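Student: The following block contains the structure, expressed as structure tokens.
The values are calculated or read from the model by the stated rules, or taken from the named source; none is laboratory data. Small disclaimer: the values here were computed from a predicted structure and weren't measured. Glycine gets a Cβ as well: all are built from the backbone with ideal geometry, and neighbour counts include every protein chain shown.
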Amino acid sequence: MGSSQFTRRSFLKGAGVVAAAATGPTAFVRTARAQGKTLKIAQWTHFVPAFDDWFDKKFTKEWGEKNGVHVTVDHISVNDLRARAAAEVGARKGHDLFGFLDPPPAYEDQVHSMNDVVSELEKKFGKAINLVQRATFNPRTKNYFALSDNWVPDPLHYRLDWWGEVGVKPDSWDHVREGARKIKEKMGHPAGFGISQELDTNMMLRGLLWSFGAQEQDESSTKVAINSKATVEAIKLMTAVYKESMTNEVFTWDPSGNNRFFVSGKGSIIQNAISAIRTAEKQNPDLAKKMGLAPPAAGPKTRMGSEHLLHCYVVWKFAENPDLAKKFIIDLVASYNDAFLASEFYNFPSFPKSVTDLRGKLAADKFNAQQYLILADAEKWSAYPGYPGHTTAAIDEVFNTFVIPNMFARVAKGEQSAEDSAKQAEAEMQRIFAKWGK
Amino acid sequence: MGKVEGKTSALEAVPLGGTAVRASRRPLLDRESFLGPIMILPAVLYVLALVGVPFVLSLYLAVSDAKIASTGLGRFIGLANFTSVLQSPTFLRSLVNTFVFTVVSQALVLVLAKILATCLTKQFYGKSIVRFLILLPWVAPISLGTIGWKWMLDSLYSPVNWVLQALHVIPQSSWPMWFGVRELAMASVIGVHVWRLLPFATVIILAGLTSIPREVEEASAVDGAGFWSREFYIVLPLLRPILTVAGLFGIIFAFTDMTVIYVLTRGGPADGTQVLSSLAFFTGILGGDLAGGAAISLFLFPMLLLVAVVMLRIARRAEVS
């Protein structure tokens, strides 16, 4: 066997054999796997890890055994959910169930209608709460493009000790401004309302706008309404709070930024889902005892905050098991007593009757029942992106390109007047509405 | 060996005109005319599939009304997306940011890479370790490295701020918020981008430096040229082609990459670090306006085309010489 016998021909033949050997088993495995049904779910990595434990290790496992289905769950970080959804739609391949954290009306053409699931759930549990209905239903096509199993309230978190010391309750935005300023002056602790290009800021600032009587669009969802006196007043209020009692870090945050800020013991007040106080309970129980929850601050017009998250599932048109996926959602909603407890009250039921005695459960919290009880009325003071209209594809783009946070940030940074910034936001929104209105 | 020799002698015995007949009898896989195109075909298909098709698709998307979940490619709407984008102050700011980010980062990369490469041509203790450390940012996954920097410059737990405070450079009450002030945020993303690209440019320049004939430097030393004279009148002119290549590669990386900005600032504060590539991503992928995103990204095309032409000309000149 001399080296001269190793010709190009023999090399290519050898390479062919190796390639066949390498790909053969893969093809076999694919065939073998296709024989059993698998339900593939993608959703976020929950801020309360106990919920993922319950969902992955208990609920999906038991549901799979009961229905003879293998269930896989892929968890995706908050910031990557939208990009992952876009990739799946682009490839026309992916999970059977995809969980978004805010309504995705732009994807309506690529998802199965959820009208049948909503009807089924309404028969069992009555109607979903109003904000869920308005955020996931397209009145033009009479179609539910997503099915929300839960939503998340967005209360104020504040330091009971410091706010008590300055004798102010964060009940209205004027009180928030006054109390935060006094705490910063007296104790050096800043307030923490994010003005950054991220999810939490998007929610908190919308609540502020509504409480001043401002809104992004009109009720018909066709006309931009952001440039108003109320918007200008809301921007001026937040700029004042920033200048008097916050630092530049509010421009740097991602969705976990305000949590870390508050749980570190540095901040006097934030607006966030209860993951902040729950984290403190686990990491620093003594500090958590000094933390209180309150409904969103009232403005001159009303008391209103945004839902912090609106978790909703879609079933892609290219999903391999759409019927199975829909059955899974129905069964999940039916199990919301367990889900509510597993999420440590983070996930509020979109169908309220799917959780029995919610107030009683809150009152039985072993750590601080009194604080959590304020969440029992959360539906009354919560709205959704696009309020008072519906959450449309145009609102979706406004939301995900951070038009509202940037409107506030430009003024807080002294780059524009409140009036000019509101005008710029209006122009930006009209441009976006024009694109989606065609 | 005998087999090969036998073949050669047989071919030699064939009269002129008979070679073609013999060649056609040779197995296909032994023929250059057949095997050559076959071997190059995967590369051509790769470029066509992963560069050509997406590029043509983006050209069409930019003049369509395609949305993220459109079932087809959308309707042709001419230049409407471009006119819409040009009306956006965010776009104009991103355009300026893109040039600032690219020009400043490339200037820094070239200067620092030249200094590092010059140091690495000298002999010193631990040189191999230094060389390894310099290369590390290039071989580490970019997202991983950038997440590391995100924590290094965090508003609450920044080790950088902690060290500066320990050295009494800054008081605790005025920790710089690296991503919270427009200028600091831009400096931060440029700094991390420079950190990432520096190894690549250093290696290229190092290769250029080692190719300069030793006699040239020795002759200049004999003539009494000092360090700076040698640098400016001999080394840099000789390095010019390779510096151009390093610079042009760097420009392409800086223009097209959004990872550093996406991970560190997401374009903030108030669009202060938003560049065209990140804005295209936010608009097209997160916002759902695929056509709008494609139109934004295509504003990069003329500049990248110019860079590509210059690069090809330099490559051709080097080939000729």
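Student: Hey, among B:V216, B:V222, B:V235, which residue is loosely packed, with under 12 Cβ neighbours inside 10 Å and among the aliphatic types (A, V, I, L, M)?
Tutor: Values: B:V216 fails: loosely packed, with under 12 Cβ neighbours inside 10 Å; B:V235 fails: loosely packed, with under 12 Cβ neighbours inside 10 Å.
Testing whether each residue is loosely packed, with under 12 Cβ neighbours inside 10 Å and among the aliphatic types (A, V, I, L, M) leaves just B:V222.
Student: Please indicate, with yes or no, whether at least one residue in segment A:302-313 is part of a loop (DSSP other than H, G, I, E, B) and buried (at least 24 other Cβ atoms within 10 Å of the Cβ).
Tutor: yes
Student: Six or more apart or on different chains, Cβ under 7 Å: which pairs go from a residue in segment B:54-72 that's at the interface with chain A (Cβ under 7 Å from one of its Cβ atoms) to one that's surrounded by fewer than 19 Cβ atoms within 10 Å (Cβ to Cβ) and not polar (S, T, N, Q)? Could you list them?
Tutor: Within 7 Å, the pairs are B:D65/A:K438; B:D65/B:G74; B:D65/B:R75; B:D65/B:I77; B:A69/A:D109; B:S70/A:D109; B:T71/A:D109.
Student: With (1) touching a Lys or Arg at 6+ places or on another chain (Cβ under 9 Å); (2) farther than 26 Å from A:L310 by Cβ; (3) within 13 Å of another protein chain (Cβ to nearest Cβ) as the list, and A:W253 as the residue in question, which single condition is left unmet?
Tutor: For A:W253, the failing item is (2).
Student: Determine if segment A:356-373 includes at least one residue that is surrounded by 23 or more Cβ atoms within 10 Å (Cβ to Cβ) and within 30 Å of A:K40 (Cα to Cα).
Tutor: No.
Student: Could you tell me whether A:F348 is touching a strand residue (DSSP E or B) at 6+ places or on another chain (Cβ under 8 Å), more than 14 Å from chain B (Cβ to nearest Cβ) and touching a residue at least 60 places away in the same chain (Cβ under 8 Å)?
Tutor: yes
Student: I'm told A:V333 meets every condition in (1) within 10 Å of chain B (Cβ to nearest Cβ); (2) within 24 Å of A:Y107 (Cα to Cα) except one. Can you identify the failing condition by its number?
Tutor: Only one criterion is unmet by A:V333, namely (1).
Student: Based on what the data block shows, is A:L81 modelled with pLDDT of 90 or more, in contact with a Ser or Thr (Cβ under 9 Å, 6 or more places away or on another chain) and under 16 Å from A:D149 (Cβ atoms)?
Tutor: no
Student: Is segment A:115-136 home to any residue that is within 14 Å of chain B (Cβ to nearest Cβ) and buried (at least 24 other Cβ atoms within 10 Å of the Cβ)?
Tutor: Taking segment A:115-136 first, the residues within 14 Å of chain B (Cβ to nearest Cβ) are none.
No, there is no match, as no residue in segment A:115-136 is within 14 Å of chain B (Cβ to nearest Cβ) and buried (at least 24 other Cβ atoms within 10 Å of the Cβ).
Student: Which residues, counting only those in segment A:257-275, are free of Cβ contacts under 8 Å to residues at least 60 places away in the same chain and not in a helix (DSSP H, G or I)?
Tutor: Result: A:S264, A:G265.
Student: Does segment A:44-60 contain at least one residue that is part of a loop (DSSP other than H, G, I, E, B), among the hydroxyl-bearing types (S, T, Y) and within 14 Å of chain B (Cβ to nearest Cβ)?
Tutor: Checked segment A:44-60: no residue is part of a loop (DSSP other than H, G, I, E, B), among the hydroxyl-bearing types (S, T, Y) and within 14 Å of chain B (Cβ to nearest Cβ).
Student: Of all the residues that make up segment A:211-238, how many are surrounded by fewer than 23 Cβ atoms within 10 Å (Cβ to Cβ) and within 17 Å of A:Q271 (Cβ to Cβ)?
Tutor: Adding up the residues that qualify gives 1.
Student: Just to be sure I understand, how many residues within segment B:61-106 are small (G, A, S) and assigned to a helix (DSSP H, G or I)?
Tutor: Adding up the residues that qualify gives 5.
Student: Filter segment B:278-292 for residues that are assigned to a helix (DSSP H, G or I) and touching a residue at least 24 places away in the same chain (Cβ under 8 Å) and give the result.
Tutor: Listed by number, the residues that qualify are B:S278, B:L279, B:G284, B:I285, B:L290, B:A291, B:G292.
Student: Here's something else I'd like to know. When only residues in segment A:69-93 that are surrounded by fewer than 20 Cβ atoms within 10 Å (Cβ to Cβ) and of a type in the set (G, A, S) count, which is farthest from the other protein chains (Cβ to nearest Cβ)?
Tutor: A:A91
Student: Among the helices (runs of 4 or more DSSP H) contained in segment A:104-216, which hold 3 or more residues that are touching a residue at least 12 places away in the same chain (Cβ under 8 Å), out of contact with any Gly (no Cβ under 9 Å at 6 or more places or on another chain) and of a type in the set (A, V, I, L, M)?
Tutor: Of the helices (runs of 4 or more DSSP H) lying wholly inside segment A:104-216, those with at least 3 residues that are touching a residue at least 12 places away in the same chain (Cβ under 8 Å), out of contact with any Gly (no Cβ under 9 Å at 6 or more places or on another chain) and of a type in the set (A, V, I, L, M) span A:115-125, A:173-187.
Student: Name the residues in segment A:411-438 that are of a type in the set (G, A, S) and either part of a helix (DSSP H, G or I) or at the interface with chain B (Cβ under 9 Å from one of its Cβ atoms) (or both), would you?
Tutor: A:A412, A:A418, A:S421, A:A422, A:A425, A:A427, A:A434, A:G437
Student: Sticking with this structure for a sec: Suppose we filter A:S221, A:S245 for residues that are more than 13 Å from chain B (Cβ to nearest Cβ), among the hydroxyl-bearing types (S, T, Y) and on the phi > 0 side of the Ramachandran plot; which single one remains?
Tutor: A:S221 is the lone residue from the list that is more than 13 Å from chain B (Cβ to nearest Cβ), among the hydroxyl-bearing types (S, T, Y) and on the phi > 0 side of the Ramachandran plot.
Student: Would you check if B:V169 is assigned to a helix (DSSP H, G or I) and either farther than 23 Å from A:A409 by Cβ or out of contact with any Cys (no Cβ under 6 Å at 6 or more places or on another chain) (or both)?
Tutor: Spelling it out, it is not the case that B:V169 is assigned to a helix (DSSP H, G or I) and either farther than 23 Å from A:A409 by Cβ or out of contact with any Cys (no Cβ under 6 Å at 6 or more places or on another chain) (or both).
Student: While we're on this one: Go through A:F399, A:F408 for me and flag whichever is of a type outside the set (S, T, N, Q), buried (at least 24 other Cβ atoms within 10 Å of the Cβ) and within 9 Å of chain B (Cβ to nearest Cβ).
Tutor: Details: A:F399 fails: buried (at least 24 other Cβ atoms within 10 Å of the Cβ).
Of the residues listed, the single one that is of a type outside the set (S, T, N, Q), buried (at least 24 other Cβ atoms within 10 Å of the Cβ) and within 9 Å of chain B (Cβ to nearest Cβ) is A:F408.
Student: Among B:M186, B:M258, B:M177, which is within 14 Å of chain A (Cβ to nearest Cβ), within 30 Å of B:P302 (Cα to Cα) and more than 16 Å from the chain's Cα centre (by Cα)?
Tutor: Values: B:M258 fails: more than 16 Å from the chain's Cα centre (by Cα); B:M177 fails: within 30 Å of B:P302 (Cα to Cα).
The match here is B:M186.
Student: Moving on to the next point. Would you point out the residue of segment B:90-104, among those that are of a type in the set (S, T, N, Q) and within 17 Å of B:F281 (Cα to Cα), that is surrounded by the most Cβ atoms within 10 Å (Cβ to Cβ)?
Tutor: That would be B:S94.
Student: Turning to a different aspect of this structure: In this structure, does A:N337 turn out to be under 22 Å from A:D53 (Cβ atoms) and touching a strand residue (DSSP E or B) at 6+ places or on another chain (Cβ under 7 Å)?
Tutor: So A:N337 fails the test.
Student: Just to be sure, is A:A273 aliphatic (A, V, I, L, M), more than 22 Å from A:G164 (Cβ to Cβ), touching a Leu at 6+ places or on another chain (Cβ under 9 Å) and buried (at least 22 other Cβ atoms within 10 Å of the Cβ)?
Tutor: Yes; evaluated as a whole, the condition is true for this residue.
Student: Within segment A:240-255, take every residue that is among the acidic types (D, E) and modelled with pLDDT under 95 and give me the one that is farthest from the chain's Cα centre (by Cα).
Tutor: A:E249
Student: What pairs can you find where one residue is in segment A:370-384 and within 17 Å of A:K353 (Cβ to Cβ), the other is of a type in the set (D, E, K, R) and assigned to a helix (DSSP H, G or I), and their Cβ atoms are less than 8 Å apart, with a gap of 6+ or different chains?
Tutor: The qualifying pairs are A:A376/A:R359.
Student: Separate question: May I ask you to list the residues in segment B:23-60 that are charged (D, E, K, R), part of a loop (DSSP other than H, G, I, E, B) and touching a helix residue (DSSP H, G or I) at 6+ places or on another chain (Cβ under 9 Å)?
Tutor: B:R31
Student: Additional query: In segment A:360-404, what residues are in contact with an Asp or Glu (Cβ under 9 Å, 6 or more places away or on another chain), of a type outside the set (A, V, I, L, M, F, W, C), outside any helix (DSSP H, G or I) and more than 21 Å from A:G437 (Cα to Cα)?
Tutor: A:D365, A:N368, A:S382
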